[in-house]
Amino acid sequence: SDGSIRLHQMSSEYPLMQWNDSTKGQPVIALQWALTRPAVFFVLDASSNIYIWDLLENDLLPVAKQPIPSENIVSMALLGEPEKPNGLLGIVLAKESGQIDIQYVKKKWALP
């Protein structure tokens, strides 16, 4: 609820990494790992901003932030085929109105 993100290892109750205020204090609505590229995950905050984290490129801050200003986003899911090397990765956004929007991610964050 405070915008912090924690990375845990299953064998420990203490986080390996913790990023406080990662969304400037906005609650995290959804967080999902990329299906096609390890070390990349996506975060949706309550202000409809999507943050892209690539831990191999920068483990302190997100590598990109994309605001979705048109309408309030209430949920996010990722789609892709991890067994295929084409690097196709999409983000499915559910809007408050009930509409669904699919956006494709740049290859540099999607390729295995």
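Which of the residues spanning region 5-32 are in contact (Cβ under 8 Å) with a residue 24 or more places away in the chain and of a type in the set (Ser, Thr, Tyr)?
Correct list: Ser22, Thr23.
State the number of residues belonging to region 1-13 that are of a type in the set (D, E, K, R) and not in a strand (DSSP E or B). Break it down into steps so the answer makes sense when it comes.
Narrowing region 1-13 to residues of a type in the set (D, E, K, R): 2, 6, 13.
Now drop any that are not not in a strand (DSSP E or B), which leaves 2, 13.
The number of residues fulfilling the criteria is 2.
Please go through region 14-39 and pick out each residue that is under 14 Å from Ala110 (Cβ atoms) and assigned to a loop (DSSP other than H, G, I, E, B). Can you show your working first?
Going through region 14-39, the residues under 14 Å from Ala110 (Cβ atoms) turn out to be 32-39.
The answer is Ala34, Leu35, Thr36, Arg37, Pro38, Ala39.
Considering only region 7-26, state which residues are surrounded by 13 or more Cβ atoms within 10 Å (Cβ to Cβ) and in contact with a strand residue (DSSP E or B) (Cβ under 8 Å, 6 or more places away or on another chain).
Taking region 7-26 and keeping what is surrounded by 13 or more Cβ atoms within 10 Å (Cβ to Cβ), we get 7, 15, 19, 22-23, 25-26.
Once the filter is applied, which keeps residues that are surrounded by 13 or more Cβ atoms within 10 Å (Cβ to Cβ) and in contact with a strand residue (DSSP E or B) (Cβ under 8 Å, 6 or more places away or on another chain), region 7-26 yields Leu7, Pro15, Trp19, Ser22, Thr23, Gln26.
Does Trp33 satisfy being under 11 Å from the mean Cα position of the chain (by Cα), open to solvent by 40 Å² or more (accessible area, probe 1.4 Å) and not charged (D, E, K, R)? Talk me through it step by step, then tell me what you get.
Working: under 11 Å from the mean Cα position of the chain (by Cα): yes; open to solvent by 40 Å² or more (accessible area, probe 1.4 Å): yes; not charged (D, E, K, R): yes.
Yes.
Any chance you could count how many residues in region 96-112 are hydroxyl-bearing (Ser, Thr, Tyr) and either out of contact with any strand residue (DSSP E or B) (no Cβ under 8 Å at 6 or more places or on another chain) or open to solvent by less than 60 Å² (accessible area, probe 1.4 Å) (or both)? Explain how you work it out, then say what you get.
We begin by selecting, within region 96-112, every residue hydroxyl-bearing (Ser, Thr, Tyr); these are 97, 104.
Filter once more, keeping what is either out of contact with any strand residue (DSSP E or B) (no Cβ under 8 Å at 6 or more places or on another chain) or open to solvent by less than 60 Å² (accessible area, probe 1.4 Å) (or both): 97.
Going through region 96-112 one residue at a time, the tally reaches 1.
In the list Leu93, Leu44, Leu89, Leu61, which residue meets the criterion of being aliphatic (A, V, I, L, M) and open to solvent by 20 Å² or more (accessible area, probe 1.4 Å)?
Details: Leu93 fails: open to solvent by 20 Å² or more (accessible area, probe 1.4 Å); Leu44 fails: open to solvent by 20 Å² or more (accessible area, probe 1.4 Å); Leu89 fails: open to solvent by 20 Å² or more (accessible area, probe 1.4 Å).
The unique qualifying residue is Leu61.
The values are calculated or read from the model by the stated rules, or taken from the named source; none is laboratory data. Everything numeric in this text was worked out from a predicted model, so none of it was measured. A quick note on method: Cβ atoms are made from the backbone with ideal geometry, for glycine too, and the neighbour counts reach across all protein chains shown. Protein only, heavy atoms only, side chains kept; ligands, DNA and RNA dropped before computing areas. Shrake-Rupley method; radii C 1.70, N 1.55, O 1.52, S 1.80 Å.
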